[in-house]
Amino acid sequence: MLLHADRLFPVDPDVRGIARALYASVRTLPIVSPHGHTQAGWFARNEFFPNPAMLFVQPDHYVYRMLYSQGVSMDALEIGQPEIRNPRAVWRLFAQHYHLFRGTPTRMWLDYAFQELFGLEERLSERNADLYYDRIAELLQTEAFRPRALYERFGIEVLATTDSPLDSLADHAAIRASGWAGRILPTFRPDPVVDPEFDGFTARIRELGEQTGEDTQHWRGYLAALRKARERFRALGCTATDHGHPTAQTADLDESQAAALFAEVIDGSANAAQQEIFRAQMLTEMAKMSLDDGLVMQIHPGSVRNHNRQVYARFGRDTGADIPHPTNYVDALRPLLDRVGNEPGLTIILFTLDESAYSRELAPLAGHYPSLRLGPPWWFHDSPEGMLRFREQVTETAGFYNTVGFNDDTRAFLSIPARHDVARRMDCSFLARLVAEHRLEMDEAFELARELTCGLVRQAYRL
Amino acid sequence: MLLHADRLFPVDPDVRGIARALYASVRTLPIVSPHGHTQAGWFARNEFFPNPAMLFVQPDHYVYRMLYSQGVSMDALEIGQPEIRNPRAVWRLFAQHYHLFRGTPTRMWLDYAFQELFGLEERLSERNADLYYDRIAELLQTEAFRPRALYERFGIEVLATTDSPLDSLADHAAIRASGWAGRILPTFRPDPVVDPEFDGFTARIRELGEQTGEDTQHWRGYLAALRKARERFRALGCTATDHGHPTAQTADLDESQAAALFAEVIDGSANAAQQEIFRAQMLTEMAKMSLDDGLVMQIHPGSVRNHNRQVYARFGRDTGADIPHPTNYVDALRPLLDRVGNEPGLTIILFTLDESAYSRELAPLAGHYPSLRLGPPWWFHDSPEGMLRFREQVTETAGFYNTVGFNDDTRAFLSIPARHDVARRMDCSFLARLVAEHRLEMDEAFELARELTCGLVRQAYRL
Amino acid sequence: MLLHADRLFPVDPDVRGIARALYASVRTLPIVSPHGHTQAGWFARNEFFPNPAMLFVQPDHYVYRMLYSQGVSMDALEIGQPEIRNPRAVWRLFAQHYHLFRGTPTRMWLDYAFQELFGLEERLSERNADLYYDRIAELLQTEAFRPRALYERFGIEVLATTDSPLDSLADHAAIRASGWAGRILPTFRPDPVVDPEFDGFTARIRELGEQTGEDTQHWRGYLAALRKARERFRALGCTATDHGHPTAQTADLDESQAAALFAEVIDGSANAAQQEIFRAQMLTEMAKMSLDDGLVMQIHPGSVRNHNRQVYARFGRDTGADIPHPTNYVDALRPLLDRVGNEPGLTIILFTLDESAYSRELAPLAGHYPSLRLGPPWWFHDSPEGMLRFREQVTETAGFYNTVGFNDDTRAFLSIPARHDVARRMDCSFLARLVAEHRLEMDEAFELARELTCGLVRQAYRL
């Protein structure tokens, strides 16, 4: 067996017993997935997934970044190709290097899918690569492995995608029109039209104008266009926005300053510092719009995108070469918080890739401002140790109720149940220790386990 | 029962057994409280505490910041009012939200007081709010709950308050004159007269001049006035100063530079950078005075005070809206250390709200400079997990003997025994693990447990 | 007994059992020591070590920094003297303060040497100081305690020293010529000739020119001289370079810019910022040379050297007063990585004294770039807790295979077996927990234990 029933639970028999009991009470609760990067098209078209390499290797930068770091070429893995010409060769390369994932969450997520979905119970290796390939390839062509069937089998209650304001949302509309009961919601991610450094920024602004019938060459028209785009998303069930800025910097310019800055951004004369102020201002604008339309705001700052110039030039964005950097919140968020931080009707969910901010800035901020909540450990920290560090460093100052449950944040659809399972196990492990150390009573731990699994996420994301 | 005898001890039976034994050896040792924010007036006047809300909710920003973060209004809690008009309503609101404190040290401190002082053994909730209120209100009007009686019941050996150089210290004098055996000492906290950003700074400087008969409009007179004020504090038993600067920056200007800077600070023409240099210079001046008069110096840097502009405007300082920021020590302290860092007769106790500095800067500094010691985990980190992180990240480089025992640092008098109890339990837990891992022998752990509880604090604070 | 067979293993009986089994499989494997500060002269001359104080106290800044921090004067310890006049008095002073090392790795390393090498089994104290002194002094004059005999007894497979490019390497040559089978390799540490802030920098550049017959007053000649010096090191078995810069900053200037900068550096007109850029450029130059000659590159940034001005003035470099500061990698390394980061033939090993960079920057970088590997926890973090933090914060993102085994990094020859023993115990403890939590299978843990002990270090350092 690849998976042990007690995996991830603390070793001490008493604590493990408590963790088991807590986990048993939440194991089969529905999956609420308010933030991720699956594709609405999968559910709109409901086609078979093509082959194991396209499913497990090619789209998952967690996987191929590790292979690349140990000298496996991205060409040999056919990264960035629309189709994989030799999926079996890619799969063998992956299998041959499977030992690299020892000790990583990726290994755990993959083993979960291999065993739970494909019935594979022997560890993947060069030796059994073909056996794995054949079994997975075969099952992928069965009805039970179509996206909608998997959605249902996974027990998903709601699944949010992440979408550009320019996206037609045709797939989302098609899902709604199809009569299928699955709940797939778009998320409004305006980075491509609020970040001047985004490729093709000005063309996108023009496109936004055409889509909305607003004059996006001027500040007011631009804001009006964004409002309309948000409205279009809301009509298809969207409850949240998402903002992936390099920093958490916010600003609160007056209207004439903002309009002048926008003019410089639009005509391309804004320098890097001005572009940063523009992004900063747009976070505050988005917060103000959220106050009006009720969309929950997610801020994901602190990643230096496309750090590897050569990989970016050859393979493009989101290819495993984003690296975190130190991230300040306490000064950066102040302009926005001065403006709307005390609004109890507003919800802003903060994420970080800089764990030193957990106890220093994020927990103190969320433990005070009514508008702030803390998102779960993100990306590199979406891992057993990362989750424990989050709870250990955040809970004593911000409590449990200023957190918002789990995000799977994944492009790898098949990893969703595995990721939620890890989160549930780790939350129950943390709670179990508190109970065993007599810092929490058992009835409270049961209640919290449910809150951390479903309650807080439904509430924070207004689902 | 709200409290379990083994609370906070590690779960493993062997380690827990060791922790229990160590804790038993220090549990009843006297409380030495060298740093905190209780009021000398309580002990001078020895009046009854008015009601449960005034005692537990209104003065304790740990409590109401959490309530506020979850949408409870500070008006409804009557924060910042001289009297509470409807204490029972405030109490009910608090009780109704008591679940928010799950997993926080505040919960542990409160439960300790509820059970140990008021005999309450059922968890506080909306349901039993009135029962709690009535029991506490009743007992508060009994002799055993007067401040002096509680001081004695708590087994306090010495209790330091924190005071402005402008404070008359009349309460401290009255306590001394009363013949009561309790030992309440003032601490010299000169922020109001050394930080130009402090409200009413220049008026205070003038007041300092009047009090001391020195010309505080000029640098030499200003320093002379501070020396006199320190002397006045020392006469009432003061052994330490305390400095709550935004950063740990120090400077070592020559006298003419310092005098010129002071002139600009006094006439209000100093900009923010100059004000920072002035504060920096004043840390070095205070260190030099400490060399002369023997007062121990505490530096508490790294808090952005009054972060929430609206809350500050309505409710004033110290209302739960101070947020830590990244804090540098290695460069910041260098001017001061170049001047006096090698003086074995000087003791400077460093605190931090930036835990990333523990292993990176603070332990290496304290593990080398004879004048430096590390204060216990402070404020948001005065918690079980925070205490473990402190010991785990500091001990291997600085050892135990460069630390100074525990500070309760509290405004909530009734939380003092609870806080010291948590510190003793966590220190014993840490020592127990070292013993169980054969990194320390049992006789050493017993000796260290006493040192961490009483010995090091008496020595460092010269009590 | 000073040492318990189960020391450092986790306390839970199941985990401890697994850790024991893993450790038993690696305990007697050879010591591979690719980075340290022992002296080749010891092995070239193979003389007796003079006395206990010269061996354990005087050269070891881990030891005397702690004593100094608690008021023991460096004069009384005869630090910085070529000979110790009163070694017994120094030893007694050390013994008298031995309790200061409780909870530190230094204590563990010393106890290991005392028991395993000198058969001492009672804890060192003021009381038995002379007994210790006499036993150690006596044994040091026996054949079994000559450097080469100890090298063999320790089971060392290879031991690297750290050397200036100006070093004649005569001792290394003498060792080779002697026919002794021990493998002592030099490491190319060019700081004295690439860091303009190094004492006597320009004189050293001239000396480099004389040694190599190149015109080191100009950029091309300077580079050619460095290439020749590297070649001279390689001829004596050197496989690695080492770079101890204040920051990790790199640069990639074009040749004319670099030549112009070098001219300013050489004529002493470069300011601090230019000196920093020069060091930054030299890291990239060194990386390019490594691509050509195959030397592995180690970068040890982030220490503020000689922080204590008075101690530096009296006692010189490396006297316990280097203090870490916050260290950025993500931006700092980009110029170098843009140039050579994707070369699978290049190996750059990154170290840090800023643990907040482990999960935030270092693991993400090493988990992507083919050229990057992570060095073990360094200096203040070469400790049981430090090692656990390293594995816990690095493994989930970078895996095990982007790390390179252990460095003892020591000046204290007798601490080498103790330090490797601690590392093996801690790695096995970490692996044991993963096995007990069902995150790794037992066969994998055995394989990893060997890799972490010998395999990865041999491979990374090309030994």
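Structure notes:
- Principal axis dimensions, largest first and in whole angstrom, of region B:294-364 by Cα: 46, 29, 16
- The phi torsions of region C:91-98, fed into the Karplus equation with coefficients 6.51, -1.76 and 1.60 and a -60° offset, translate into couplings of 4, 5, 4, 4, 4, 4, 9, 5 Hz, rounded to whole numbers, with Gly and Pro shown as x.
- Per-copy distances of the C:Q96 label point, shortest first, in nm (7 angstrom along Cα→Cβ): 6.6, 6.6
- By the beta-carbon count within 10 Å of each Cβ, the least crowded to most crowded order of B:D292, A:D195, A:D408, A:D14, fewest first, is B:D292, A:D14, A:D195, A:D408.
- Cα-based shape type of region B:48-145, given that a ≥ b ≥ c are square roots of the gyration tensor eigenvalues and the cut on a/c is 1.5: oblate
- Other copies of A:R314: label-to-label distances in nm, shortest first, labels 7 Å along the beta-carbon direction: 5.8, 5.8
- All other residues whose Cβ lies under 14 angstrom from that of A:I349 are scored, Lys and Arg at +1 and Asp and Glu at -1, for a net of +2.
- Peptide-level mean, for A:298-304, of C-beta atoms on other protein chains within 10 Å: 1
- Net charge of the neighbourhood of A:N86, taken over other residues with C-beta under 10 Å away and scored Lys/Arg +1, Asp/Glu -1, is +2.
- Peptides ranked, highest mean first, by Cβ atoms within 10 Å: ranges A:136-144, C:245-253, A:268-276, A:162-170: C:245-253, A:162-170, A:136-144, A:268-276
- Test item: Cα-centred dipole of the protein assembly as shown, Lys/Arg +1 and Asp/Glu -1 on Cβ, debye: 1700 debye
- Karplus-based coupling profile of region C:55-70, in residue order and whole Hz: 8, 9, 10, 4, x, 10, 5, 4, 6, 7, 5, 5, 4, 4, 4, 10, with θ = phi - 60° in 6.51 cos²θ - 1.76 cosθ + 1.60 and x standing for Gly or Pro.
- Residues of type lysines that A:K228 reaches as a straight line, Cα spacing below 21 Å, ignoring anything fewer than 8 places off in the same chain: A:K288
- In order along region A:213-229, the phi-based Karplus estimate (6.51 cos²θ - 1.76 cosθ + 1.60, θ = phi - 60°) of 3J(HN,Hα) comes to x, 10, 7, 7, 7, 10, 3, 5, x, 4, 5, 4, 5, 5, 4, 5, 5 Hz; Gly and Pro are listed as x.
- The mean number of Cβ atoms from other chains found within 10 Å of a Cβ in peptide C:432-441 is 5, as a whole number.
- Prolate/oblate/rounded label for region C:208-299 (Cα gyration tensor, a/c 1.5): oblate
- Leading residue at positive end of dipole, region A:1-137 (Cβ point charges), from A:Y112, A:I31, A:G80: A:I31
- Sites A:R314 and A:A273 - FRET efficiency at Förster radius 25 Å, r taken between beta-carbons, to 0.05: 0.25
- Residue-averaged 222 nm ellipticity for the protein assembly as shown, from DSSP H runs of 4+ at -39500 (n - 2.57), nearest 500: -13500 deg cm²/dmol
- Farthest toward positive dipole pole in the protein assembly as shown [+1 Lys/Arg, -1 Asp/Glu at C-beta], among C:T161, C:M426, B:L100: C:M426
- Cα centroid separation, region A:147-225 to region C:343-408 (Å): 39 Å
- Projecting the Cα atoms of B:V193, A:P377, A:G237 onto the charge dipole of the protein assembly as shown, computed from C-beta unit charges around the Cα centre, puts A:P377 farthest toward the positive end.
- Bridges between two residues of the protein assembly as shown, per DSSP, are antiparallel at a rate of about 10%.
- Other-chain or far-sequence residues with amide H under 5 Å of A:I31's (modelled H): A:I156, A:E157
- DSSP finds beta bridges in region B:147-460, and of those with both partners inside it, around 10 percent are antiparallel.
- The charge dipole of chain C, taken about the Cα centre with unit charges on the Cβ atoms of Lys, Arg (+1) and Asp, Glu (-1), comes to about 800 debye, rounded to the nearest 20.
- Long-range amide H partners of A:D215 with built H, under 5 Å: none
- Shape category assigned to chain A from the gyration tensor of Cα positions, a/c cut at 1.5: oblate
- Likely footprinting exposure, C:I348, B:I84, fewest C-beta neighbours within 10 Å first: B:I84, C:I348
- Label spacing, shortest first and in nm, from A:P13 to its equivalents in the remaining copies (7 angstrom along Cα→Cβ): 0.7, 0.7
- The ranking of B:H37, A:H307 by Cβ neighbour count inside 10 Å, starting from the fewest, reads B:H37, A:H307.
- When +1 charges are put on Lys and Arg Cβ atoms and -1 charges on Asp and Glu Cβ atoms, the dipole computed for region A:154-306 relative to its Cα centre reaches about 480 debye.
- Amide H contacts under 5 Å for C:V304, placed H, 5+ residues apart: C:I323, C:H325
- Innermost chain B residue relative to the axis carrying B onto A, by Cβ distance in angstrom: B:S356, 2
- Sites A:A235 and A:K288, calculated FRET efficiency, Cβ-Cβ separation with R0 25 Å, nearest 0.05: 0.75
- Cβ-based net charge around A:I184, under 12 Å, with every Lys or Arg adding one and every Asp or Glu removing one: 0
Every read-out reported here was derived from the displayed coordinates using simple, explicitly stated rules and does not represent laboratory data. Bear in mind that the values here come from a model prediction, so they are computed numbers and not experimental data. Every residue, glycine among them, receives a Cβ derived from its backbone with ideal geometry; neighbour counts consider all protein chains shown.
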